[in-house]
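Right, one structure below, let's go through it.
Each value in this text was obtained by applying a stated rule to the coordinates, not by laboratory testing. Source: prediction; values computed, not measured. A quick note on method: Cβ atoms are made from the backbone with ideal geometry, for glycine too, and the neighbour counts reach across all protein chains shown.
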Amino acid sequence: MKPAPFDYHAPETLDGVLQLLTDLDDAKVLAGGQSFIPLLAMRLAVFAHVVDLGRVEELRGIEERNGSVWIGASTTQAAVERDANVARLVPLVARAVPLIGHFQIRNRGTIGGSLAHADPASELPAVALALDAEFEVASPRGRRVIPAAEFFTGTWSTALDDDEILARIGFPIWTGRCGFAVEEVARRHGDFAIAGACVAVEIDGTGSVVRSAIGLFGMGSTPVRATAAEQSVLGTPAGDVDATALGRTAVDDLTSIPYDLNGSADYRRRVGATVVARAWSRAIEEALRD
């Protein structure tokens with residue numbers, strides 16, 4: 001199939017994008033297009049106007065500021081994957097990006113596009129949720145910041161208003177003795193995860209856990225924060241944490257685990273517990289090396 005007819009717009013400034021969204025009825029922004037173009041081609045989405053963000057330079061770039069790494073929404077996943085500062089300052093982001101599709105996808109796909117698409121089986125939304133990222137959004141009315149905990153509202157839906165676009169994302173920098181890991185199970189490399197987990201952990205000088213973050217993907221209609229599991233390990237010597245039990249705790253409270261041809265809800269629950277345990281073990285191993 002081919003997309004339904006639409007008018008194409010390619011502004012070169014953010015103000016130009018926002019003006020078009022104000023003036024046009026039934027308009028949708030195009031980022032990297034790795035999810036949106038197939039939806040158009042299969043006519044699962046139909047819009048009268050498509051506004052391409054590809055020429056808007058101010059939506060690209062990576063900057064360290066005020067304790068966070070801020071990434072422009074139109075920065076490609078490949079650029080983030082290759083960036084030394086991202087790898088050094090926000091390792092969880094750097095380790096999640098190579099799991100997104102294949103390198104051809106990452107050459108075109110953007111960080112903001114993946115997050116705004118809000119697929120609950122994708123890696124970056126769970127990473128953003130686990131790290132308490134901030135989403136700076138722009139509209140003709142100005143700018144506002146949405147916490148990651150409030151950004152994802154459902155499958156493929158976010159807190160963005162119709163006239164808002166995602167401008168940049170701030171990922172907080174963790175300091176101290178920290179470890180990070182991302183684990184997932186997929187039918188094939190590059191497929192969306194059947195179940196996945198990202199873990200960040202900080203330990204103190206005695207080896208006890210002082211901070212932890214666990215994000216789950218593929219386990220609900222949105223990415224999920226495993227807060228009960230996070231809190232259960234605080235103050236515990238890292239070596240005393242039973243990773244298998246922690247994995248079970250992380251999925252125990254999930255009530256709306258999806259099921260499809262890739263696996264039942266019970267299967268996803270078992271896989272989810274396993275990937276949490278694996279990610280936790282890898283993250284603790286890294287933290288203890290520091």
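Details
- DSSP-assigned coil residues among trypsin sites (Lys or Arg not before Pro) in segment 141-185, each with at most 12 further Cβ atoms within 10 Å: 141
- Among 126, 238, 140 - extreme Cα towards positive end, dipole of the chain, charges at beta-carbon: 238
- Euclidean distance of C-alpha centroids, segment 93-150 and segment 151-221, integer Å: 10
- q = 0.27, 0.28 Å⁻¹, segment 233-290: log10 I(q)/I(0) [Debye, one scatterer per Cα]: -1.06, -1.11
- Relative contact order for the chain, counting Cα pairs under 8 Å that sit 6 or more residues apart, in percent: 15
- For residue 2 and residue 64, a Förster radius of 45 Å and the Cβ-Cβ distance give a FRET efficiency of 0.55, rounded to the nearest 0.05.
- Under 14 Å, Cβ to Cβ, from residue 152 - net charge with Lys/Arg +1 and Asp/Glu -1: -4
- Projected label distance in nm at residue 270 and residue 153, using a 7 Å step from Cα toward the beta-carbon: 3.7
- When +1 charges are put on Lys and Arg Cβ atoms and -1 charges on Asp and Glu Cβ atoms, the dipole computed for segment 7-52 relative to its Cα centre reaches about 300 debye.
- Separation in nanometres of the label points that stand 7 Å from Cα toward Cβ, at residue 285 and residue 210: 2.5
- Taking segment 138-290 and dividing mean pair separation by its residue count, relative contact order in percent (alpha carbons under 8 Å, at least six apart): 25
- Percent of beta bridges antiparallel (DSSP, the chain, rounded to nearest 5): 85
- For the pair residue 188 and residue 14, label points projected 7 Å from Cα toward Cβ lie 3.9 nm apart.
- For segment 50-75 and segment 254-290, distance of Cα centres in Å: 31
- Using C-alpha pairs under 8 Å with a sequence gap of at least 6, the mean separation divided by the residue count of segment 59-172 gives a relative contact order of 29 percent.
- Based on the convex hull around the alpha carbon atoms, segment 199-281 presents an average projected area of 4.9 nm².
- Under 5 Å between amide hydrogens, built in the peptide plane, is the criterion, and for residue 30 it picks out 51, 52, 53 among residues at least 5 positions away or on other chains.
- Anisotropy class of segment 137-219 from Cα gyration tensor, a/c 1.5 cut: oblate
- Restricting segment 184-261 to chymotrypsin sites (Phe, Trp or Tyr not before Pro) that sit in a DSSP loop and have at most 15 other Cβ atoms within 10 Å of their own Cβ leaves 259.
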